[in-house]
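Take a look at the structure set out below.
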Amino acid sequence: MTKHQKSAFLARLTGFILMFGLAMVAAAQTLTAEQVQRFEQLTPAQQARVMEVIGQDIPKQVDEPALEQPQLVLPLPVEPGHAPEEEDENAVTESAETEADKSREPLKPFGYDLFTGVPTTFAPATDIPIDVDYVLGPGDTVKIQLFGKEHAEYSLVVSREGRLHFPKLGPIPVAGLTFREMQDVVKTQIEKQMIGEKAVITLGALRSIRVFILGDVNQPGSYTVSALSTMTNALFVSGGVSEVGSLRKIQLKRRGKVVAHLDLYDLLLQGDTGNDVRLQPGDVIFVPPLGQTVGVAGEVRRPAIYELKHERNLQQLLELSGGLLPTAYPQASQIERINSRGERTLVDVDLSDKSVLSTRIQSGDTLHVFSILEKMENIVVLSGHVHRPGGYQWRKGMRLSDLIHSIRDDLLPRPDLDYALVRRELMPDQRIEVFSVHLGQALQHPQSQDNVVLQSRDEVIVFGASEDRREIVDPLVEQLRLQASFRQPARTVHIGGVVRHPGDYPLETGMKVSDLIRAGGGLSEAAYALGAELTRYAVVDGSYREIAHVNVDLASILKNEGDADIDLLPHDVLNIKRLPEWATAETVEIHGEVRFPGIYPIARGEQLSKVLQRAGGVTDMAFPQGAVFLREELRKREKQRIDEMSRRLESDLASVSLKLAQEKGGNAGSLDIIRELGDQLRSVRPIGRLVINLPKLIEETRQGRRSDYDVTLADGDKLYVPPVTQEVTVTGEVFYPTSHLYAKGLDRDRYINMSGGATGKADTSRTYVIRADGSVETGGNWYQDFNGGGVKPGDTIVVPLDVERVRPITLWTNVSQIIYQLAITAASANAIGVF
């Protein structure tokens, strides 16, 4: 056995011996929490062996704490804001509740959370001051310090016979004496028999006593507690009073007689511990069942279910609950009661009337105290683009300038001084009315009509010049629509087109087109200021809706001339047009061998030849035959084609896989080819290349002629003019795809042979050439090939795949398109890298 194994064996053996000893002790009494914890750390075999020795079942829980030293027991703390009971999963959130719902929330019995938690915190009682009326008994320790002729200290334990065995003095009976009486007796004996000695007498470790806790408690039984323990200390040991037990009529019985009553409400509500009597050995604490109860709910300080003792009326009940909150509305309180016929009924009470407070209550009543309304009176509300939003005191005759004193001090930077809204409630049905004011005019000219007189509960809304106002205006518009009826259509209008804040707005009394433009934040830079269009809806004879379009003289309205400013009607729609040919500046990029490469703004319809001239033309090192022209729209269409081919290829792959699985001896090589093509296709990057003939364009432009090869440019176009190249690229089904130095007189086959020749999967009869400008030549003149004229610098020779090798694919054009796409991408790779 190794050293490590020996150590592990000894540790297990020691633990087993220790637990065996604990188990022997537990045979005579209930296991403590610590013993059970150690027992659970043993292996199952060791646990079974211990239980077999003591003849008990495996312990599941601790029935009673065994205390060897005098100890006080305290409950576990409860986190603030957390109730001991589980939360009701069906409870409604407070924000969604009505005032009546709040006053009828499920009530909890008052006071029982005092015992929340399992009593696992123990504190020694040695530091607690000893009361002079403490009665000594067997097991108490008395400490005596002598000084005078000789100095000595004695620690004497009261024997079972109730005596102190003092050296030189003999036994002194002290059992049944109070602490003060014991001090007098012992001092008298010392002074009589030990002349010249003085004594200081105190108590040391105190005895433990056993008491009984019975009745409606969580864990009734016999408990060992400190001799200094009181009734509340013992109740904590037992886990506290259960919810069916009384908190107000707890009895202390001694020798069969009730010697004290404990009302925990005195402790909880007044902090009074006068009736918390100290226990003696053999005492019985008995908790009777709960007595009469009454509930208090709503706007009181402690809503709960209370047990009645001497309380008989509403005044005493309110005192139990802590009194009314400032938010209570006592005039509309109710008592929910069960009448003599067993029916639930309601009794209205006015708690503000002192005579009503003497109303008698009965068991089972629930007093509901409702809250005042959340609405505030005599205020105005300021919101939106302001420093200090919120409510302000309203005064009669108060104007807008009294609420907003300064643009700089009260408003955030860049407010909209031309348009602010006032939301007003109309009595008696509280319908809303919304109208606008010129905030700047109201503040600069307090005597103007824009400095409106405010009413109680008005809300003034200020907007920012550049902030989106839909979050504020849309709810107001929705309220106006909800108020609409057959005779009163929704007072809303709409502005769209080229304005800063298009959308729906409230229709004000006497509102005109200019007011709606002001509500929309004014015209944008691209607005057509000469005219606009107003669409109007009208119901004809109640049978159908007619639509009319009215031309608006916007220029006259902006100049404030004539009668062009039309009055608006409900549901009118004003459309501000955009200036013709107004658009965001369009640009193209030119890179490569031009004199001034860069990004150039272009006009609508501008052509490539003009931009080339602005860029200084091509340099002497330019290779215009290999120019690459890219367009974003073509790139998007190319991506769609690649995605479509990829989907078709995946479908063919599934078909081939199924066919090979059904046929024996299928051509698995076709499946590998399809997978390889799929991998290559997924790596293709769409480029959007447009084939142009730049040499012809340059030549005809120099001659001053209009060229048919010119290109009308679009936003985002890109042109790359590469330097002179001498390479010829061979790709596709060759053994070594690469580029070769151009040599005059070499034909396609010679270049293919220079790349290792065609592979066994190649279809040499369909070899084609991608020219440097992006055009494709599939055939070839044998005379040109013989003289080398068929291959030019910058060309790419493509040797395609033999589609007969992938016969399971139903559409071989898929393969040819894929191969062509791969070749085009390879031929334009340099241009892609530039951009």
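The values are calculated or read from the model by the stated rules, or taken from the named source; none is laboratory data. As the structure is a computational prediction, the values presented were derived from the model and not from experiment. Virtual Cβ from ideal backbone geometry, glycine too; neighbours counted across all protein chains shown.
What the table below lists for this structure:
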| item | result |
| --- | --- |
| Condition met for residue 625 (outside the structural domain of residue 686 (by TED's automatic domain parsing), surrounded by fewer than 18 Cβ atoms within 10 Å (Cβ to Cβ) and under 18 Å from residue 692 (Cα atoms)) | no |
| Selected residue [surrounded by 14 or more Cβ atoms within 10 Å (Cβ to Cβ), over 30 Å from residue 526 (Cβ atoms) and assigned by TED's automatic domain parsing to the domain that holds residue 573] from 454, 417, 421 | 454 |
| Restricting segment 407-426 to residues that are touching a residue at least 60 places away in the same chain (Cβ under 8 Å) and in contact with a helix residue (DSSP H, G or I) (Cβ under 6 Å, 6 or more places away or on another chain), the residue that is farthest from residue 501 (Cα to Cα) | 418 |
| Residue that is farther than 20 Å from residue 415 by Cβ and charged (D, E, K, R), where the choices are 469, 518, 545, 500 | 545 |
| Residue ranges of strands (runs of 3 or more DSSP E) in segment 211-265 with at least 1 members in contact with a Lys or Arg (Cβ under 7 Å, 6 or more places away or on another chain) and of a type in the set (S, T, N, Q) | 221-226 |
| Filter pass, residue 226 being under 30 Å from residue 187 (Cα atoms), touching a residue at least 12 places away in the same chain (Cβ under 8 Å) and not β-branched (Val, Ile, Thr) | yes |
| Residue match in segment 533-548 (condition: under 15 Å from residue 514 (Cβ atoms), acidic (Asp, Glu) and in contact with a strand residue (DSSP E or B) (Cβ under 7 Å, 6 or more places away or on another chain)) | no |
| Matching entry among 551, 560 (being of a type outside the set (Gly, Ala, Ser) and at pLDDT below 90) | 560 |
| Residue list for segment 707-734, restricted to those being assigned to a loop (DSSP other than H, G, I, E, B) and aliphatic (A, V, I, L, M) | 711, 713, 714, 724 |
| Residue within segment 346-360 that is farther than 30 Å from residue 290 by Cβ, of a type in the set (Gly, Ala, Ser) and not assigned by TED's automatic domain parsing to the domain that holds residue 313 present | no |
| Scope segment 262-298; condition loosely packed, with under 15 Cβ neighbours inside 10 Å, closer than 13 Å to residue 233 by Cα and in contact with an Asp or Glu (Cβ under 7 Å, 6 or more places away or on another chain); matching residues | none |
| Positions within segment 732-773 being under 60 Å from the mean Cα position of the chain (by Cα), buried (at least 20 other Cβ atoms within 10 Å of the Cβ) and over 15 Å from residue 623 (Cβ atoms), in sequence order | 732, 733, 734, 770 |
| Residue list for segment 297-343, restricted to those being assigned to a helix (DSSP H, G or I) and farther than 17 Å from residue 269 by Cβ | 314, 330, 331, 332 |
| Conditions (1) surrounded by 20 or more Cβ atoms within 10 Å (Cβ to Cβ); (2) hydrophobic (A, V, I, L, M, F, W, C); (3) free of Cβ contacts under 8 Å to residues at least 60 places away in the same chain; number of the one not met by residue 465 | (1) |
| Complete set of residues in segment 273-323 that are within 41 Å of the chain's Cα centre (by Cα) and either among the charged types (D, E, K, R) or over 17 Å from residue 110 (Cβ atoms) (or both) | 299, 301, 302 |
| Residue under evaluation residue 514, criteria (1) part of a helix (DSSP H, G or I); (2) touching a Lys or Arg at 6+ places or on another chain (Cβ under 9 Å); (3) of a type in the set (Gly, Ala, Ser), criterion not met | (2) |
| Failed criterion for residue 497 (all others in (1) more than 48 Å from the chain's Cα centre (by Cα); (2) within 30 Å of residue 713 (Cα to Cα) hold) | (1) |
| Filter pass, residue 211 being surrounded by fewer than 17 Cβ atoms within 10 Å (Cβ to Cβ) and either under 30 Å from residue 290 (Cβ atoms) or at pLDDT 85 or above (or both) | no |
| Hey, residue 333 under 26 Å from residue 232 (Cα atoms) and either β-branched (Val, Ile, Thr) or crowded, with 17+ Cβ neighbours inside 10 Å (or both) or not | no |
| Breaking point among (1) out of contact with any Asp or Glu (no Cβ under 7 Å at 6 or more places or on another chain); (2) modelled with pLDDT under 95, for residue 465 | (1) |
| Residue pairs meeting the criteria (Cβ under 7 Å; at least 6 apart or on separate chains; first hydroxyl-bearing (Ser, Thr, Tyr), in segment 162-190; second surrounded by 16 or more Cβ atoms within 10 Å (Cβ to Cβ) and in a loop (DSSP other than H, G, I, E, B)) | 178/134 |
| Pairs, first closer than 19 Å to residue 299 by Cβ in segment 342-356, second in a strand (DSSP E or B) and of a type in the set (Ser, Thr, Tyr), C-beta under 6 Å, six or more apart | 349/333; 351/333 |
| Residue list for segment 351-387, restricted to those being surrounded by 13 or more Cβ atoms within 10 Å (Cβ to Cβ), in contact with a helix residue (DSSP H, G or I) (Cβ under 8 Å, 6 or more places away or on another chain) and assigned to a loop (DSSP other than H, G, I, E, B) | 351, 352, 359, 361, 370 |
| Cross-chain or 6+ apart pairs with Cβ under 6 Å, segment 294-321 first and over 10 Å from residue 366 (Cα atoms), then in a helix (DSSP H, G or I) and polar (S, T, N, Q) | 298/103; 313/358 |
| Residue list for segment 178-204, restricted to those being over 16 Å from residue 166 (Cβ atoms) and surrounded by 17 or more Cβ atoms within 10 Å (Cβ to Cβ) | 179 |
